[in-house]
Amino acid sequence: MLNWLKENAAQARSKLTAEASKFKNKAFMEAVVNGCALVAAADGSIDSSEKQKMAGFIERADELKHFDMRQIIEVFQKAAGDFEFDHGIGKASALKTISKIKGNDEQARLLVRVVCAIGAADGDFDAQEKAMVAEIARELGLNPADFDL
């Protein structure tokens with residue numbers, strides 16, 4: 001997946017943008033933002049620099065430009081707060097939110113592709129991030145191997 005993203009980044013981004021625009025709904029936005037929080041917390045915590053990086057990515061991401069930024073920030077802050085309170089509670093809450101789109105194969109696959117792109121955004125899609133994305137895929141009833149995880 002990482003090689004594919006590197007080789008086809010512009011094409012992939014425009015395709016993700018077009019696909020995401022079809023899913024302008026709260027459940028999908030909340031699932032994507034919670035996926036971002038899960039990837040950010042893959043190392044056990046979300047520190048302030050990760051919050052800023054994720055908020056900046058979300059703000060600039062074409063895939064999410066169809067959503068109100070205030071709502072995105074509120075959802076991300078709630079997810080990050082859950083992780084700060086207790087990592088297990090944060091993870092369970094984020095996965096529960098993500099599971100709301102389970103059964104919608106198109107949305108679920110797009111979410112996994114978006115969180116893969118977020119994990120690779122800094123040029124280092126590390127093992128912890130890949131494992132978290134694989135867990136997200138399984139939560140959605142998808143095979144992680146379909147995404148090279």
Run down Glu63, Glu59 and say which single residue is open to solvent by 60 Å² or more (accessible area, probe 1.4 Å), of a type outside the set (S, T, N, Q), closer than 25 Å to Gly123 by Cα and modelled with pLDDT under 90. Glu59
Segment 25-37, residues that are part of a helix (DSSP H, G or I) and out of contact with any Lys or Arg (no Cβ under 7 Å at 6 or more places or on another chain): Lys26, Phe28, Met29, Glu30, Val32, Val33, Asn34, Gly35, Cys36, Ala37
Is it the case that some residue within segment 84-94 is in contact (Cβ under 8 Å) with a residue 60 or more places away in the chain and either of a type outside the set (S, T, N, Q) or over 11 Å from Met29 (Cβ atoms) (or both)? yes
Per-region count, segment 97-106, residues open to solvent by 10 Å² or more (accessible area, probe 1.4 Å) and either small (Gly, Ala, Ser) or within 22 Å of Glu59 (Cβ to Cβ) (or both): 3
Scanning segment 86-96 for residues that are surrounded by 11 or more Cβ atoms within 10 Å (Cβ to Cβ) and in a helix (DSSP H, G or I) gives His87, Ile89, Gly90, Lys91, Ala92, Ser93, Ala94, Leu95, Lys96
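The values are calculated or read from the model by the stated rules, or taken from the named source; none is laboratory data. These numbers were taken from a predicted model, which means no experiment stands behind them. Every residue, glycine among them, receives a Cβ derived from its backbone with ideal geometry; neighbour counts consider all protein chains shown. Please note that ligands, DNA and RNA were not included when accessible areas were found on the heavy atoms of the full protein model with its side chains. Shrake-Rupley method; radii C 1.70, N 1.55, O 1.52, S 1.80 Å.
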